[in-house]
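Take a look at the structure set out below.
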C-alpha cells in the first residue's frame, strides 16, 4: 500500500555535518582574528595627541592632531631626525611633549656660538642660530637610554636644553609621531 505524501506533523532530525561545523569554526576564527588585529592596530597606532604650542613649527602647528606609533620603539630605538612624543621626566600629569631627536646614547652634545654640535660636528637638524643654549652650553655626553631632543622652532621651544626637562629617558618616550591630521598648508600626511 502506498503511503500518502501529504501533510506530516513529524519532523525529521537534522544531522549536523562536519562541513557545517568546520564552516562555523572558520567564521569564529576569522571574527576573533579580525578583532585581535583591530585591537593591536588601535593600541599601537591609534593613540593620538594634540600639539601644544609653537615649538614644532613649521613641521607641526599648535592644536594639530597627530597619531603616535607606540610599536616602533618596542623593536627599535629612536634615531636622529625622528619626531618623538614623551612625558618630561616621566611626569604623567604633564601634557605630551613632541620634539625632534638630534642625538642619542653615547653622543656628546654642545651648543657653541649658536650652533648645535653633536660629536664635534654641526647638526644637520638645526639650520639657524640657537639663541639660548641652556644646559647644552656645556658639553654633555648622553648616557645609555638618553636622547637629546629639540623643537623645530628651537628659539621658541622648551626641550632638552631646559634644566627641568634635560635629556629624554627611553622609558619616558611614548612613541614616534608618524601622522598628522590637519595642517595649514598640506592637509593630512606623514611627519618627516
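The values are calculated or read from the model by the stated rules, or taken from the named source; none is laboratory data. Everything numeric here is computed off the predicted structure, so don't read it as measured data. Note that each Cβ is placed from the backbone with ideal geometry, even for glycine, and that neighbours are counted across all protein chains shown.
Name the single residue that is modelled with the lowest pLDDT among those in segment 108-129 being crowded, with 17+ Cβ neighbours inside 10 Å and under 27 Å from the mean Cα position of the chain (by Cα).
The selected residue is 126.
Residues being crowded, with 21+ Cβ neighbours inside 10 Å and over 19 Å from residue 62 (Cβ atoms): count how many of those fall in segment 147-164.
4
Take residues that are in contact with a strand residue (DSSP E or B) (Cβ under 6 Å, 6 or more places away or on another chain) and modelled with pLDDT under 90 and tell me which of the strands (runs of 3 or more DSSP E) falling wholly in segment 47-102 contain 1 or more.
Correct list: 47-50, 65-69.
Find all pairs meeting these conditions: Cβ atoms under 6 angstrom apart; at least six residues apart or on different chains; first residue within segment 110-132 and in contact (Cβ under 8 Å) with a residue 60 or more places away in the chain; second residue surrounded by 14 or more Cβ atoms within 10 Å (Cβ to Cβ).
none
Find the residue count for segment 169-184, including only residues that are over 15 Å from the mean Cα position of the chain (by Cα) and at pLDDT 90 or above.
Number satisfying all stated conditions: 1.
Does segment 95-108 include one or more residues that are closer than 20 Å to residue 152 by Cβ and without any contact (Cβ under 8 Å) to a residue 40 or more places away in the chain?
Taking every residue of segment 95-108 in turn, none turns out to be closer than 20 Å to residue 152 by Cβ and without any contact (Cβ under 8 Å) to a residue 40 or more places away in the chain.
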